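Take a look at the structure below.
The values are calculated or read from the model by the stated rules, or taken from the named source; none is laboratory data. This structure is a prediction, so every number in the text was calculated from the model and none was measured. Glycine also receives a Cβ, built like all others from the backbone with ideal geometry; neighbour counts cover every protein chain displayed. We work out accessible area using only protein heavy atoms, side chains counted, and drop any ligands, DNA or RNA first. Shrake-Rupley method; radii C 1.70, N 1.55, O 1.52, S 1.80 Å.
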Amino acid sequence: QVQLVESGGGLVQAGGSLRLSCSASERKFSTYWMGWFRQAPGKEREFVATVNWSGGRAHYADSVEGRFTLSRDSTKKTVFLQMDSLKPDDTGVYYCAASPYPTGVTTADRYNSWGQGTQVTVSS
């Protein structure tokens, strides 16, 4: 498994921006995809976005398409989630995750490594 460390959460007003980072540590990096999920109080964890580590192809949830952007720094094994035009509905704990599978990576069960989570709060 991969050890993941997130950073960058915080409190922001609606319409503002935040940038989350997730750094991975693994001797032999065998991750296919690195993604983000979020969980709001009283709700299930939901998919936000994921990026293919080698090719850079990304998938986004409909709710964040056009507002959130994933990027990666291969040399530092770090993925970034740029979140713009934030809404109160974006509030939650954001988790970084790594998947060893090449396909079907928009569901949590395809990820076997998880970070500790970082809180994002968007005020109205």
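Taking region 1-56, which residues are under 14 Å from Cys96 (Cβ atoms) and among the charged types (D, E, K, R)? Listed by number, the residues that qualify are Glu6, Arg19, Glu26, Arg38, Arg45.
Name the single residue that is farthest from Ser123 (Cα to Cα) among those in region 46-78 being of a type in the set (Lys, Arg) and surrounded by 16 or more Cβ atoms within 10 Å (Cβ to Cβ). Among those that are of a type in the set (Lys, Arg) and surrounded by 16 or more Cβ atoms within 10 Å (Cβ to Cβ), it is Lys77. Name the residues in region 29-45 that are open to solvent by 60 Å² or more (accessible area, probe 1.4 Å) and either under 20 Å from Arg110 (Cα atoms) or under 14 Å from the mean Cα position of the chain (by Cα) (or both), would you? Scanning region 29-45 gives Ser30, Tyr32, Gln39, Lys43, Glu44, Arg45. Among residues of region 79-107 being touching a Lys or Arg at 6+ places or on another chain (Cβ under 7 Å), of a type in the set (Gly, Ala, Ser) and at pLDDT below 95, the one that is most open to solvent (accessible area, probe 1.4 Å) is Gly104. Take the residues in region 108-124 that are part of a strand (DSSP E or B) and hydrophobic (A, V, I, L, M, F, W, C), then tell me which one is surrounded by the fewest Cβ atoms within 10 Å (Cβ to Cβ). For region 108-124, the residue satisfying everything is Trp114.
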